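*Asks:* Pasting a structure below so you can have a look.
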Amino acid sequence: MIPRLEQVFTQALQLRGSLRGHERRLQQVGVQLSSEVLDEEDPNESPEVRQAKALFRGYYEALADALAEVTKLGGEVKDLEQGLVDFLGRRSDQDIHLCWKLGERRITHWHTLDSGFAGRKPIDDQVPREPTPLD
């Protein structure tokens, strides 16, 4: 699962960079992005603006698809920039999150449901190394 997560985040970060580039281009020509602006077709827009909006929509949809892949793997993206993902797990009789960060070769940390990344602790013998299967 980790190699797939790495692929997804590498792709997602590249898509995010492309999104930001198109957002800057659109802002430079006076287009403030919103879902309404992206969805509307303005016949007075230049072909360049129409193309930039179409590319932005495409990159946005591709990014959403990439992040949905993490959900399919049972994870929840906590921070795209850092590549943080939590998976539901158990520690003895307590629900926890198994915590993975881009660049880590394995899931080696956990935290309580309310503590987040700052409360990460190394996995011990009370924590299985694999996420709890979804019902």
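*Asks:* Does GLU36 satisfy being in contact with a Lys or Arg (Cβ under 9 Å, 6 or more places away or on another chain) and acidic (Asp, Glu)? Don't jump to the end; show me each part of the working.
*Replies:* Numbers: in contact with a Lys or Arg (Cβ under 9 Å, 6 or more places away or on another chain): no; acidic (Asp, Glu): yes.
The answer is no for GLU36.
*Asks:* Condition test on VAL49, is it more than 17 Å from the chain's Cα centre (by Cα), without any contact (Cβ under 8 Å) to a residue 40 or more places away in the chain and not in a loop (DSSP other than H, G, I, E, B)?
*Replies:* yes
*Asks:* Can we say SER92 is closer than 30 Å to VAL127 by Cβ and modelled with pLDDT under 90? Give the steps one after another, and end with the answer.
*Replies:* Numbers: closer than 30 Å to VAL127 by Cβ: yes; modelled with pLDDT under 90: yes.
Answer is yes for this residue.
*Asks:* Restricting attention to the stretch 97-114, and to residues there that are open to solvent by 60 Å² or more (accessible area, probe 1.4 Å) and of a type in the set (D, E, K, R), which single residue is nearest to GLY75 (Cα to Cα)?
*Replies:* LYS101
*Asks:* Just the residues that are in a helix (DSSP H, G or I) and either farther than 21 Å from GLU6 by Cβ or open to solvent by less than 20 Å² (accessible area, probe 1.4 Å) (or both), please, taken from the stretch 64-93. Steps first, please.
*Replies:* Taking the stretch 64-93 and keeping what is in a helix (DSSP H, G or I), we get 64-72.
Selection gives ALA66, VAL70.
*Asks:* Is there a residue being modelled with pLDDT of 90 or more and loosely packed, with under 14 Cβ neighbours inside 10 Å anywhere in the stretch 37-55?
*Replies:* First pass over the stretch 37-55, keeping only residues modelled with pLDDT of 90 or more: none.
Checked the stretch 37-55: no residue is modelled with pLDDT of 90 or more and loosely packed, with under 14 Cβ neighbours inside 10 Å.
*Asks:* Kindly indicate the residue of the stretch 1-36 that is in contact with a helix residue (DSSP H, G or I) (Cβ under 6 Å, 6 or more places away or on another chain) and under 30 Å from GLY103 (Cα atoms) and also most open to solvent (accessible area, probe 1.4 Å) among those meeting that condition.
*Replies:* Per the stated criteria, the residue is GLN11.
*Asks:* Return the pairs, sorted by first residue and then second, in which the second residue is open to solvent by 30 Å² or more (accessible area, probe 1.4 Å) and part of a helix (DSSP H, G or I), the first residue lies in the stretch 57-77 and is closer than 20 Å to PHE87 by Cβ, the beta carbons are less than 7 Å apart, and the residues are 6+ apart or on different chains.
*Replies:* Sorted first by the residue in the stretch 57-77, then by its partner, the pairs are ALA66/GLN11; LEU73/ARG4; VAL77/LEU67.
The values are calculated or read from the model by the stated rules, or taken from the named source; none is laboratory data. Computed from a prediction, not measured in an experiment: that's the story for all the values here. With ideal geometry, Cβ positions are generated from the backbone for all residues, glycine too; neighbour counts draw on all protein chains shown. We work out accessible area using only protein heavy atoms, side chains counted, and drop any ligands, DNA or RNA first. Shrake-Rupley method; radii C 1.70, N 1.55, O 1.52, S 1.80 Å.
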